[in-house]
Structure formats: structure tokens, C-alpha cells
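Shown next, in C-alpha cells, is the structure this report addresses.
The values are calculated or read from the model by the stated rules, or taken from the named source; none is laboratory data. Nothing here was measured: the structure is a model prediction, and the numbers come from that model. For neighbour counting, all protein chains shown are included, and Cβ atoms are generated from backbone atoms with ideal geometry for every residue, glycine included. Please note that ligands, DNA and RNA were not included when accessible areas were found on the heavy atoms of the full protein model with its side chains. Shrake-Rupley method; radii C 1.70, N 1.55, O 1.52, S 1.80 Å.
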Amino acid sequence: MTAQLSIPSTATVAQQTQPPAPAAPAAEQVVRKGSFWRIRGEISRRSAWLLTGAGLSLPFIIWWLWTALGLADPMFMPSPGAVLERIGRWWTSEGLLGDIGISVWRVMAGFGASALIALPLGLYIGTYRPVQAFLEPLTDFIRYMPAVAFIPLVMLWVGIDEGSKVLIIFIGTFFQMVLMVAEDVRRVPMAQIEAAQTMGANRGEIVKLVILPSAKPALLDTLRITCGWAWTYLVVAELVAANSGLGYAILKAQRYMHTDKIFAGILLIGLIGLLTDQAFRWLHRRAFPWMRK
């Protein structure tokens, strides 16, 4: 019997040898196929900016409508226009720039002192179990004490100068920061530590070359969050015999029922805090670009 060979046609050969069409990038496929309600789905940058703008604008639109329709007494809830006008007068004749400068200095000094001590302490608590057993219960105990309750003691210990205001912000942020740093360190996978031990690394090298680099992204996020807490303690800190600052201006306006200035101070603190938060986010993207891929 003679074997019959089937010879493929030219069209079949061309179809088989034709290179496959290039696949679309994964990110584009997610954006194209996904929806707004997909869990951790991607959205375009334009959509993100539109949603951000809508989220920031909606409360102010509701506020403007509420006051424009006369649903609130201007004595208790001034209109956005009145608050903007008050900010303008504060800037031109009441030393707004000086108030912003001294408040930023107090917050950053207290936050910086907290970070300077909390980062190494939290690193040791998260790395060594004896240090954790010795210090973590005490830190947990103190962090539930309200910072405002320390004001009389701080005035006795430090006085009423700038140090007392910085110390109040320090107390309000330090103990939470220590525990969050320790938790970030404990999240470093044990497999990485064991691999370093297998290659002969000593304890110092493991801490320096394995634990700290692996925890850095989470540590920067912890600093961003606790910096926001530092701003929330500003008004409390400026209760201590202050004569300048945004928190002091809010407290002074409260005595005379200047609600437009109270609103102005609150909005300015929120704006400065938002800018600080975005600065930390930008630094995170620059320092760890691989986390966004």
C-alpha cells in the first residue's frame, strides 16, 4: 500500500505561520474590562481626578446650599463666602502667615521628636520578644491616657514656653507610633529572616539588611498616618498659654463667637494636613516605585 501524504494548502500554511497578535498590557485589560465596583480594580487617571474633585467639592456644595437657602443661622454656621472673606482679612491684617508658621513648627517638632525615638524603639520591640514583653504592655497602658490630661503636669514640668506645646504633641503621637512601627516590623516574612540566617548573617546584619529594608514602605505609611494625628493635637497643645498659632486663633474666636474664624482655622488646618499627607504619598511613590507596578 502506498501511503497518502496530505499536503497543506498555502492558506493553511500562512495561517499556521502567522505570528499571534500582541496581547494588550495587563493594566489596559483591567481598565477596559473592569468596572468601578471591581474589587481593587483599576480606573483611569482622568476618572480618579474627577472622583477626587467630586468628593472634595460635594461637602462644600452642600454647605453653600444650606446657608444660601437660609437653613442655618449665620451666627452658628457662616457661608463659605463669609469664611473666605475672613481668611482674606486674617491674611492681610491679622498675621495669618505667622500663625501658620508657628503651628507648622510646633507640629513638626513634636512629630519629629516622636519619630526620632519611636522608630528605633518600635524596631526593637518588633524584632526581639524580650523587648516586646518588657515594653509593649507599658506602651499600651500609656497610649490610652488622653493627652489633654497631661497639660497641668506639662506646665509644671516644662513651663509655658514652646517646649510644653511640642511635648503635648509628642505625647499624643509617640506611643501610638511605637506600637504601629513594631507591628510593621513584625509583618516582615519569617522566610526572609530564615534565608538570611541560612546564609550566615548575624543579628545585626539581619536587622540592617533584611528587616529594615523590608519594613520601610510600611514604616513610611505609619509616619504619614501619625503625622495626621500630630495635627489633631495642635489645638490641644495651643491651650497651654499660647498667644499665636492656628489652634490659638480658633480658641480665641470661640470666646467671642467668631464662628467664621473658627471655620477658617479648621479649614486651614485640614488643608495643611492634606498637603502634608500628599507629600508623604509622593515620597512613598518616589522611594518605592516597584510597589505601584
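Out of Tyr128, Tyr144, I need the residue that is open to solvent by 40 Å² or more (accessible area, probe 1.4 Å), under 30 Å from Pro213 (Cβ atoms) and either at pLDDT below 95 or among the polar types (S, T, N, Q) (or both). Which one?
From the options Tyr128, Tyr144, the qualifying one is Tyr128.
Picking from Thr222, Thr259, Thr232, Thr276, which residue would you name as being farther than 16 Å from Asp99 by Cβ and open to solvent by 80 Å² or more (accessible area, probe 1.4 Å)? Write out each step before concluding.
Working: Thr222 fails: open to solvent by 80 Å² or more (accessible area, probe 1.4 Å); Thr259 fails: open to solvent by 80 Å² or more (accessible area, probe 1.4 Å); Thr276 fails: open to solvent by 80 Å² or more (accessible area, probe 1.4 Å).
After ruling out the rest, the residue left standing is Thr232.
What's the number of the only condition in (1) buried (at least 21 other Cβ atoms within 10 Å of the Cβ); (2) within 20 Å of Ile171 (Cβ to Cβ) that Ala241 fails to meet?
It is condition (1) that Ala241 fails.
Within segment 51-102, which residues are open to solvent by less than 50 Å² (accessible area, probe 1.4 Å) and at positive phi?
Gly95
Using the structure shown, decide if Ser114 is at pLDDT 95 or above, small (Gly, Ala, Ser) and either buried (at least 16 other Cβ atoms within 10 Å of the Cβ) or part of a helix (DSSP H, G or I) (or both).
Yes: the conditions hold for Ser114.
With the checklist (1) assigned to a helix (DSSP H, G or I); (2) surrounded by fewer than 15 Cβ atoms within 10 Å (Cβ to Cβ) in hand, flag the one item Ile250 doesn't pass.
(2)
Gly70 - would you say it is out of contact with any Asp or Glu (no Cβ under 8 Å at 6 or more places or on another chain), at pLDDT 80 or above and in a loop (DSSP other than H, G, I, E, B)? Walk me through it before giving the result.
Working: out of contact with any Asp or Glu (no Cβ under 8 Å at 6 or more places or on another chain): yes; at pLDDT 80 or above: yes; in a loop (DSSP other than H, G, I, E, B): yes.
Answer is yes for this residue.
For segment 39-50, give me the residue count where each residue is surrounded by fewer than 10 Cβ atoms within 10 Å (Cβ to Cβ) and of a type in the set (A, V, I, L, M, F, W, C).
Residues in segment 39-50 being surrounded by fewer than 10 Cβ atoms within 10 Å (Cβ to Cβ) and of a type in the set (A, V, I, L, M, F, W, C): 1 in total.
Identify, by number, the condition in (1) over 30 Å from Asp73 (Cα atoms); (2) touching a residue at least 40 places away in the same chain (Cβ under 8 Å); (3) open to solvent by less than 50 Å² (accessible area, probe 1.4 Å) that Ala201 doesn't meet.
The one condition Ala201 does not meet is (2).
Got a sec? Which of Arg86, Arg106 is within 30 Å of Ser164 (Cβ to Cβ), over 25 Å from the mean Cα position of the chain (by Cα) and among the charged types (D, E, K, R)?
Arg86
For segment 265-282, which positions are touching a residue at least 60 places away in the same chain (Cβ under 8 Å) and under 15 Å from the mean Cα position of the chain (by Cα)?
Correct list: Ile269, Ile272, Phe280.
Can you give me the number of residues within segment 147-162 that are surrounded by 11 or more Cβ atoms within 10 Å (Cβ to Cβ) and outside any helix (DSSP H, G or I)? Spell out how you get there, then give the answer.
Kept after step one, since they are surrounded by 11 or more Cβ atoms within 10 Å (Cβ to Cβ), are these residues of segment 147-162: 147-148, 150-151, 153-155, 157-160, 162.
Next, from what is left, pick out any that are outside any helix (DSSP H, G or I): 159-160.
Qualifying residue count, segment 147-162: 2.
Name, by its number, the condition in (1) assigned to a helix (DSSP H, G or I); (2) within 30 Å of Val158 (Cβ to Cβ) that does not hold for Leu239.
Failed condition: (1).
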